[in-house]
Amino acid sequence: MLAGRWEKLGSNDLEPVFKYCTHISELNINLCQNIMDSQLIALFANNPEFCSSIRNFDIGETMYSDKTIAKVIRLLPRLDELRMNETYASSHTVKAVAETQGMLSTIELFDCDVTADDILTLFTSCSMLMEIGAPYSLSEELEDKVIEFDMERCCELYFDHDDDYSDDDLLTEVIHDVMYL
């Protein structure tokens, strides 16, 4: 797994890693702040062998644009787990995931600008999807739409906690909001 203090690294620091470490399966760039959108896209676009090895990708809590996140996702052909919590991911990003990540088993979109229909799109497009982490704001709307899902396929849908709750309420909230689709 490649993870680190991303706020201290720039794209020049990572070029050798992307070029020569072609068997890394997990990449966590959570909190990355020193790599510009165009530099991030170039790192991935110029290193297809590295991209092919990545199975788990966390791009959470970054300031990358929706389009940048979507372009990077399109360059990662074999994702199993994807975490985009607290990013600018939106319907555009969900479309990229739905079109390219059919084998995805886990996705988290906490605090992202996605809709209930986006979550339904992921469920129907990613046939191996077993876990979906969705924004708390969608919990009621998705509970109403749960009937639309194929009940033979088991998929865990869970929500981040409501910011009005304390940390003590988090466990109760998670337990309450776990449901099987």
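The values are calculated or read from the model by the stated rules, or taken from the named source; none is laboratory data. In this text, all values refer to a predicted model and were calculated from it rather than measured experimentally. Cβ atoms come from the backbone with ideal geometry, glycine included; neighbour counts cover every protein chain shown. We work out accessible area using only protein heavy atoms, side chains counted, and drop any ligands, DNA or RNA first. Shrake-Rupley method; radii C 1.70, N 1.55, O 1.52, S 1.80 Å.
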So, residue 137, is that one open to solvent by 20 Å² or more (accessible area, probe 1.4 Å), at pLDDT 85 or above and not acidic (Asp, Glu) or not? yes
Show the residue pairs that are 6+ apart or on different chains and have beta-carbon atoms under 6 Å apart, the first residue being within the stretch 24-50 and farther than 10 Å from residue 14 by Cβ and in a helix (DSSP H, G or I), the second being open to solvent by less than 70 Å² (accessible area, probe 1.4 Å) and small (Gly, Ala, Ser). 37/65
Among the residues of the stretch 76-93, the number that are open to solvent by less than 60 Å² (accessible area, probe 1.4 Å) and either in contact with a Cys (Cβ under 9 Å, 6 or more places away or on another chain) or assigned to a loop (DSSP other than H, G, I, E, B) (or both) is 9
Would you check if there is a residue in the stretch 6-29 being closer than 30 Å to residue 138 by Cα and surrounded by fewer than 19 Cβ atoms within 10 Å (Cβ to Cβ)? yes
How many residues are open to solvent by less than 30 Å² (accessible area, probe 1.4 Å) and at pLDDT below 95 if we restrict to the stretch 61-75? 1
Any chance you could count how many residues in the stretch 87-117 are of a type outside the set (Val, Ile, Thr), under 23 Å from residue 143 (Cβ atoms) and within 13 Å of the chain's Cα centre (by Cα)? 12
